[in-house]
Amino acid sequence: MSLTIWHNPRCSKSRETLGLIEAAGKTPRIIAYLKDPPSAAEALALAGRLGLPIREMLRKGETAFKEHNLANPALSDAEIAEVVAGHPILIERPIVESAKGSRICRPPERVREIL
């Protein structure tokens, strides 16, 4: 697996994580997920690679989280993934994937675990 970052260039934590990757001499594949959102199936697969229920990779403070009642425990992962596909801003950032694993890199220094 190549090194990949799910990146939002407007997010300081995402920029900082990308900087740590580049400082380590790595050139990641950058997924600008706000411009090219994942499908529901891709969002579920990403959660699987993180080893988390999809709900755990969401930004709970986003308006879309509240509007779609994503805190509702009755919602299935598939239902949540459909919302994520339409509202990629819900994806926590940044997420980095490598041959050593996948992590939500908050704080950004977590990226060192998988470089």
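The values are calculated or read from the model by the stated rules, or taken from the named source; none is laboratory data. These numbers come from a predicted model, not from an experiment. Every residue, glycine as well, gets a Cβ built from its backbone with ideal geometry; the counts of neighbours run over all protein chains shown. Remember, those area values only see protein heavy atoms, side chains included, never the ligands or the DNA or RNA. Shrake-Rupley method; radii C 1.70, N 1.55, O 1.52, S 1.80 Å.
Observations on the model:
- Qualifying positions in region 88-115 - surrounded by 19 or more Cβ atoms within 10 Å (Cβ to Cβ) and farther than 17 Å from Ala45 by Cβ: Arg93, Pro94, Cys105, Pro108, Val111
- The set of residues in region 1-29 being hydrophobic (A, V, I, L, M, F, W, C) and closer than 21 Å to Arg49 by Cα consists of Met1, Leu3, Ile5, Trp6, Leu18, Ile21.
- Members of region 15-67 found to be within 20 Å of Leu115 (Cβ to Cβ), open to solvent by less than 50 Å² (accessible area, probe 1.4 Å) and either among the basic types (Lys, Arg) or not in a helix (DSSP H, G or I) (or both), listed by number: Pro28, Ile31
- Options Arg49, Arg10, Arg29: the member that is out of contact with any Ser or Thr (no Cβ under 8 Å at 6 or more places or on another chain), at negative phi and among the basic types (Lys, Arg): Arg10
- Filtered by the rule that a residue be within 18 Å of Pro107 (Cβ to Cβ) and of a type in the set (Phe, Trp, Tyr), region 1-57 gives a lone residue, Trp6.
- Within region 1-45, the set of residues being modelled with pLDDT of 95 or more and among the polar types (S, T, N, Q) comprises Thr4, Asn8, Ser12, Ser14, Thr17, Thr27, Ser39.
- Single residue of Leu115, Leu46, Leu34, Leu50 found to be in contact with a Lys or Arg (Cβ under 7 Å, 6 or more places away or on another chain), among the aliphatic types (A, V, I, L, M) and closer than 17 Å to Ile5 by Cα: Leu115
- Apart from one condition, Ser12 fits all of (1) small (Gly, Ala, Ser); (2) closer than 23 Å to Leu115 by Cα; (3) touching a Lys or Arg at 6+ places or on another chain (Cβ under 9 Å); the exception is (3).
- Residue check, Ala74 surrounded by 15 or more Cβ atoms within 10 Å (Cβ to Cβ) and either part of a loop (DSSP other than H, G, I, E, B) or at pLDDT 95 or above (or both): no
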